[in-house]
Amino acid sequence: MRLLRKKRVLLLLFLGFVAILFLNSAWLSMFYPIYYKEEIKQHAQENGLDPLIVAAIIKAESNYKVGAESRKGALGIMQIMPGTAEWIIDQAKYDKVHLNQVKNEIDVNVRIGTWYLNYLSEQFDGNIIAVIAAYNAGPTHVKNWIKSKRWDGQLNTVDDIPFPETRNYVLRVTHYYKQYSEIYDDF
């Protein structure tokens, strides 16, 4: 009888410890780390963006893998297509930036990616859900979906997005954003 009581007490203590561990947001940061915080903060601020949205996009795009290149050719931690990167370099007057830097240099990639997110935010009147979708599918597609009323640009109607990849991307980014928001109070 005593052995059973000791086991119950130990089990309750263990469960209490595990519950405290999981409720502590500092511990959760091990599952949702943010790398390159200074670059993200700096360029997000310069472009009027929430740095946690930028971090969530990076997490979804490359999981912070420097030098990443997708099968479609998207470059760097923010996975920017070469044509888009060249257009941004021209529009933003980043004359000394080359595609190799976009792929391999964190600061350059985040600067270009956040510039583009700001551009998209202006295109979609600050609707961050439409911005996330446009970052993945391209602004022309998203504008057409909204104009034709196929999708209204809101998270609660994400199932109406015609591209499954974009639908899943929006859900992933918003999930990461929610997790980051709960974990990182001071970011």
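Quick note: the coordinates plus some simple rules give every number you see, no bench work behind them. Computed from a predicted model, the values in this text were never measured in an experiment. All Cβ positions, glycine included, derive from the backbone under ideal geometry; neighbour counts span all protein chains shown.
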Margin query: For percent of Cα pairs over 21 Å apart, one of [x] 49; [y] 55; [z] 65 was computed from the structure I shared and the rest are decoys. Which label?
Written below: [y]
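Can you tell me the dipole magnitude for the chain around its Cα centre, using point charges on the Cβ only (Lys, Arg +1; Asp, Glu -1), in Debye to the nearest 20?
On the way: 22 positive and 20 negative charges, 264 e Å.
It comes to approximately 1260 debye.
Counting other C-beta atoms within 10 Å, which of His141, His98 has the fewest, and how do the rest follow?
Details: His141 18, His98 13.
The fewest-first ordering by Cβ neighbours comes to His98, His141.
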Item checked: For Lys7, Lys143, Lys93, Lys59, order by how many other beta-carbon atoms lie within 10 Å, fewest first -> Lys93, Lys7, Lys143, Lys59
Notebook entry, point to check: Using modelled backbone amide H atoms (1.01 Å from N, in-plane), which distant-in-sequence or interchain residues come within less than 5 Å of Ile80's amide H?
Noted result: Leu75
Next item on the list: Any chance you could check the Cα centroid distance between region 125-187 and region 107-123 for me, in angstrom?
Entry: 16 Å
Next item on the list: Go ahead and estimate [θ] at 222 nm for the chain from helices alone: -39,500 (n - 2.57) per DSSP H run with n ≥ 4, summed, over the residue count, rounded to 500.
Entry: -20000 deg cm²/dmol
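Within the chain, which whole H helices from DSSP have a Cα span along their axis of at least 27 Å and a mean Kyte-Doolittle hydropathy of -0.5 or more, if any?
Numbers: long enough: 2-23 (31 Å, 1.62); 164-183 (29 Å, -1.12).
TM-like helix candidates: 2-23.
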Next item on the list: State the extension gain, in nm to one decimal, for the chain segment bounded by Val66 and Asn144, taking 0.36 nm per residue of separation less the distance between their alpha-carbons.
Entry: 24.8 nm
Next item on the list: Select from Ile58, Pro164, Ile112 the residue farthest towards the positive end of the dipole of the chain; place +1 on Cβ of Lys and Arg, -1 on Cβ of Asp and Glu, and compute about the Cα centre.
Entry: Pro164
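Going by average Cβ neighbours within 10 Å, how do the peptides 37-48, 111-122, 152-163, 72-83 rank, with the highest at the top? Could the numbers behind the result be given before it?
Numbers: 37-48: 16.9, 111-122: 21.5, 152-163: 14.5, 72-83: 19.2.
Answer by packing, highest mean first, reads 111-122, 72-83, 37-48, 152-163.
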Notebook entry, point to check: In which sequence would Arg8, Arg150 go, from the one with the fewest C-beta neighbours within 10 Å to the one with the most?
Noted result: Arg8, Arg150
Item checked: Entries in Lys65/Lys178; Lys65/Lys96; Lys41/Lys72; Lys93/Lys178 that, when Cα-Cα distance is taken, lie over 26 Å -> Lys41/Lys72; Lys93/Lys178
